[in-house]
1. Cα-Cα pairs above 16 Å in the stretch 52-157: how many percent?
2. Determine the dipole magnitude for the chain: charges of +1 sit on the beta-carbon of Lys and Arg, -1 on that of Asp and Glu, nothing else is charged, the reference point is the Cα centre, and the result goes in debye to the nearest 20.
3. I'd like to know which of 346, 451, 392 lies farthest towards the positive end of the charge dipole of the stretch 333-490, counting +1 on Cβ of Lys and Arg and -1 on Cβ of Asp and Glu.
4. Based on the mean of other Cβ atoms within 10 Å per residue, sort peptides 569-577, 438-446 so the most packed one is first.
5. From largest to smallest, what semi-axes in whole angstrom does the chain give when each is the square root of 5 times an eigenvalue of its alpha carbon gyration tensor?
6. Given a Förster radius of 22 Å and the C-beta distance between residue 6 and residue 102 as r, what FRET efficiency does 1/(1 + (r/R0)^6) yield to the nearest 0.05?
7. Can you tell me the length gained on complete extension of the stretch residue 415 to residue 140, counting 0.36 nm per residue apart and subtracting the Cα distance?
8. Which value, in debye to the nearest 20, describes the size of the charge dipole of the stretch 30-174 about its Cα centre when Lys and Arg Cβ atoms bear +1, Asp and Glu Cβ atoms bear -1, and nothing else is charged?
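The values are calculated or read from the model by the stated rules, or taken from the named source; none is laboratory data. Keep in mind that this is a model prediction, so the values were computed, not measured. For neighbour counting, all protein chains shown are included, and Cβ atoms are generated from backbone atoms with ideal geometry for every residue, glycine included. When the accessible area is computed, the model is the full protein with side chains, heavy atoms only, and any ligands, DNA or RNA have been set aside. Shrake-Rupley method; radii C 1.70, N 1.55, O 1.52, S 1.80 Å.
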Amino acid sequence: MTVRISNVASIFSLGFVVYFGLAVASVFLARVSHDVAVFWPANAVLVAMALSFGRREFPILLLSAFAANVSTQFVYGDNWQLAVGFPLANSFEILAVYIGFQFAGFQNNGTTTPQRGLLLLAIVALAAIPAAAMGAATVTTVFGAPFTDTFTHWWAGDIVSSMIVYLPVFAYRRSAALQKLSVLLSRPVIIECCLLVASFAFGFLVLLALHLPPAIVLVFPTLWLALKGRVFEVAMASSVLSLGTSAAVVMGFWPSLAAELVLRDAVFQQQTLALFCTFPSFLIALAIANFETSQENLEARKKVLDTTLTNMNQGVSVFDKNHRLVLWNDKYLKCFGMNETDVEKGVSFTSLLELQRNNGDFDGDPVDLQNTILARVSRGEEHFAETELGSGRFIKSVHSPTPEGGWIGTHEDVTEFRMLEKRLAHESLHDVMTGVPNRRYFEREFTDRLIVSQLEKKPIALYTIDLDKFKMINDTYGHDVGDDVLLWAATTIKRIAGEHDFVARMGGDEFIMIGSENTHVSQINRTARRLCDELDRTMQFKGNMCICRASIGVAYSVDGQISRHDLLTQSDIALYAAKQAGRGTYRVYDFATGQHQPMRDAS
């Protein structure tokens, strides 16, 4: 509680001292200037302090301003009506301006754009109306002065005095205020100041010669700074020049085109003209500074975007609503084998596809693909595509819609992934040791071929091949030799099989072959006999002499009108019959006769 009271006292004291000092100085300046109120900054300074402190401290500062204003009136011996009326008018202006600034967000954002600069002027002008009315009413009651004339001068004077304070306050930038002295006194700055002074003097003389208001000369230095986007400097120059020329009018140093004007009206005229001449430069400076900041931000964002695109693992292409390329990265070119000379901003999507087609990397219709993409992205959906290039690489593309009606494409080289898929798919359907199809592949292929045979009434033959005494070779010489025997047997069977026949390893020492050609009974006999002959060898594997031979069982149907189960079963039975006959031979089961036919004895 003690700390809170101490804070309140500190804030009240600070507000009182600042307001009282400024008010006393302003009244003193008015008294020595034949009662002409040249400048009343106290209200604006207190509002600026309140914005820097916060909302909770504002009532304390407002009360301190009222007390300081009353004290000022009593210091100069004013009666109780002035000591109450003026502080009330000023306090009301402070309250109205502060509320307006809070609603407009000036506490956080300040004047960052020309629109907010105009909003600042509008808030000050509107807030000064009731305060000027209260002040004018007080003056009219005490001194009998015309209300309208007093109101006009009070209102305009408040606007000018406030803007002299607010422009530098809201344009303040720490980076500008803390520039090194060496920079301020550098040769370019000194030359610039000399040019400003020369232009000011020249313009002043020209305006006098043309009988135009000399206040227009204030446009030269402020506009010079405004075109460089130096907001704080323009605000300071505007305030200093407005105060300086007003003081010059009071002291009789500033020429006036209307000699009949009383001093108060001459000061009022000069301050108003100064504001009208310098405030547009302030707005121009805001616009240019805002543009420069936007350009800097845009450049910074562009650098971030370029860095991001460069370091992405994917290629990126962005097309506008007219299907023209507006943005891409190097990986996009690399994905599709294009050079930098092939691509430029604005090139159409179809032109790029034509280029890829000429390079052998696209075999479709460019217009069809473009229409397909547009149909998807126009519905807010993504379009997925995968292109196989002429080099054998696979590029996966995803086209996503953009708010402007175009699309952004991401492109990724998925060749390794596709090759892995292909390898895994091959391994899942083939025997790792021999490379021929495995049982799983056989089951699928046998079913498909039997269905075709049944539908088209074509012959089909099934050869079941078993290597005789393979287990003895495996156990005697080891698995390495056994593996070599299996590989040799698979290679031999594939060599004898027809172009359209299907050979698979069922596991262990058993192979199977589906005959789709040479399916006449005599041809089947020749094939089976050749298999027996070629597999009946004494071979050397890893320095070991191995005696190899095979038994074969064949089942066939001339029209395919047989079940899968029966064909497999009879082929196994025929194999069993061949083994019973002494191995190294074959038997054929003919579904037409229903008999196993011995074709060759064991040798």
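1. Percentage above 16 Å: 63.
2. Result for the chain is approximately 1000 debye, rounded to the nearest 20.
3. 451
4. Ranked from most to least packed, the peptides come out as 569-577, 438-446.
5. In descending order, the three semi-axes are 106, 27, 22 Å.
6. Given R0 = 22 Å and the Cβ-Cβ separation, E is 0.25.
7. Working: separation 275, 0.36 × 275 = 99.00 nm, distance 9.18 nm.
Additional length available on full extension: 89.8 nm.
8. Details: 6 positive and 6 negative charges, 117 e Å.
Approximately 560 debye in magnitude.
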